[in-house]
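Remarks on the structure that follows.
The values are calculated or read from the model by the stated rules, or taken from the named source; none is laboratory data. The structure presented is a predicted model; accordingly, all values stated were derived computationally and were not measured. With ideal geometry, Cβ positions are generated from the backbone for all residues, glycine too; neighbour counts draw on all protein chains shown.
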There are 2 protein chains.
Amino acid sequence: MVKNNIPIETIKRTVTYLRYLEREKQKGVRIISSRNITYLLNIPPAQFRKDLSFFGEFGKRGVGYNVEILITTLKELLGLDKKIKAIVVGAGRLGTALVQYPGFLEINVEIVGAFDNDIRKIGRSIKGIYIYNIKDVKKFIMKNKVKIALLCVPADSAQSVANTLVEAGIKSILNFAPVVLILPEGINIANVDMASEIGSIIYRMKEISQ
Amino acid sequence: MVKNNIPIETIKRTVTYLRYLEREKQKGVRIISSRNITYLLNIPPAQFRKDLSFFGEFGKRGVGYNVEILITTLKELLGLDKKIKAIVVGAGRLGTALVQYPGFLEINVEIVGAFDNDIRKIGRSIKGIYIYNIKDVKKFIMKNKVKIALLCVPADSAQSVANTLVEAGIKSILNFAPVVLILPEGINIANVDMASEIGSIIYRMKEISQ
């Protein structure tokens, strides 16, 4: 049985487990111990078992986990068992890197298009992913039933672009712009700001050295 | 007076304020109200004032903040007043995007080199940043007194590369590899895993729709 209110950090770690298990499966590994899993991932075995316990009962003590079954079950529980379409909005340097980021495919997320307002970019392709005119994003989202957008536009247009995306049916936004988006309830937002992350480690570094 | 134990989220938001203030300064803005600041950033004015209060007293009610002074003071308090050298380790797609990420320069972080073990990449440049042989990373860090590394190598080499970086004098690692690094006390690590972020919003999306 899946428990309610699974901590967000457990979810994130479980995605990491899943990606690791996929790589092991591709190497031909069929049975794996929690010790094996946690050795590479540097997560204590107890943490791994606790994280898994949120999703149900897996494996037997001393026998290990069936890799295939564990992958299938976790994917299903996380909602990653079916291919999910995502778009990248803003085809600058970061957007371009994200289009090609291999980690997304590992969790069944497929980037189906990129969007920009720069006519020098529109019509080009990044590794087979077409860059469309941002003006067509609403039509594209509705037609292709896209639910996820990776928002990589400049700070001062992020909110208005996000509004358009949500109007068209986007349910989740991974926001790379350095602004806090205000969106209707029921829309999921996760913020990734690399400058803030690095700024915070610099501050901690300063604190430690004092 | 700067308070101790400033929450990490306050630090991250303050970096965002700083980047915004820099952009306003470049537009010629000299005085700014907390309402102005929070309007674009979508942060409630009370949150902004509370965040700032951790660092001391700024501005006067009804008068607003002197942009220049606020920038200078916050930079100093955050440890971002002097240029800080950083390197990118792993010059794949993500590493290449990070080398060119404009947000780092805004907070005085300068990428001074990239490193890889792929001989097809070594010797090339990304926007003026040279890609060195990973074998020379230790020498480079010591010679240039680099304190920060952005780690973008594959999962299975992340820990061993991180060990080398720390041995050479790196104090902070922004880790993009999907592993949890184990490093000596006093080393700052911030983890950025895009697949985990997107996995977690997919899970929340699933939860909401049930």
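For this structure, a couple of remarks:
- Candidate set: segment B:91-114, residues that are within 22 Å of A:Pro178 (Cβ to Cβ) and of a type in the set (Val, Ile, Thr); chosen: the one surrounded by the fewest Cβ atoms within 10 Å (Cβ to Cβ): B:Ile107
- Some residue of segment B:143-151 being more than 12 Å from every other protein chain (Cβ to nearest Cβ), assigned to a loop (DSSP other than H, G, I, E, B) and of a type in the set (D, E, K, R): yes
- Residues considered: A:Arg13, A:Arg49, A:Arg23. Of these, the only one that is more than 8 Å from chain B (Cβ to nearest Cβ), of a type outside the set (A, V, I, L, M, F, W, C) and either surrounded by fewer than 21 Cβ atoms within 10 Å (Cβ to Cβ) or in contact (Cβ under 8 Å) with a residue 12 or more places away in the chain (or both) is A:Arg49.
- Qualifying residue in segment B:156-167 (condition: in contact with a strand residue (DSSP E or B) (Cβ under 7 Å, 6 or more places away or on another chain) and within 11 Å of another protein chain (Cβ to nearest Cβ)): yes
- Test: A:Ala177 is more than 9 Å from chain B (Cβ to nearest Cβ), assigned to a strand (DSSP E or B) and within 19 Å of the chain's Cα centre (by Cα): no
- Set A:Ala155, A:Ala149: member being in the same structural domain as A:Pro102 (by TED's automatic domain parsing) and touching a residue at least 40 places away in the same chain (Cβ under 8 Å): A:Ala149
- Residues in segment B:69-90 that are β-branched (Val, Ile, Thr) and either in contact with a strand residue (DSSP E or B) (Cβ under 6 Å, 6 or more places away or on another chain) or crowded, with 22+ Cβ neighbours inside 10 Å (or both): B:Ile84, B:Ile87, B:Val88, B:Val89.
- Restricting the first member to segment B:115-136 and to residues that are in a strand (DSSP E or B) and surrounded by fewer than 13 Cβ atoms within 10 Å (Cβ to Cβ), and the second to residues that are at pLDDT 95 or above and of a type outside the set (Lys, Arg), the beta-carbon pairs closer than 9 Å and six or more apart or on different chains are B:Ser125/B:Ala114; B:Ser125/B:Ile131.
- Extreme residue, surrounded by the most Cβ atoms within 10 Å (Cβ to Cβ), among residues of segment B:180-209 that are in a helix (DSSP H, G or I) and more than 7 Å from every other protein chain (Cβ to nearest Cβ): B:Glu207
- Hits in segment A:86-114 - residues which are in contact (Cβ under 8 Å) with a residue 60 or more places away in the chain, under 13 Å from the mean Cα position of the chain (by Cα) and more than 11 Å from chain B (Cβ to nearest Cβ): A:Ile87, A:Val88
- Taking segment B:146-174 as the range and being of a type in the set (S, T, N, Q) and under 18 Å from the mean Cα position of the chain (by Cα) as the test, only B:Ser172 passes.
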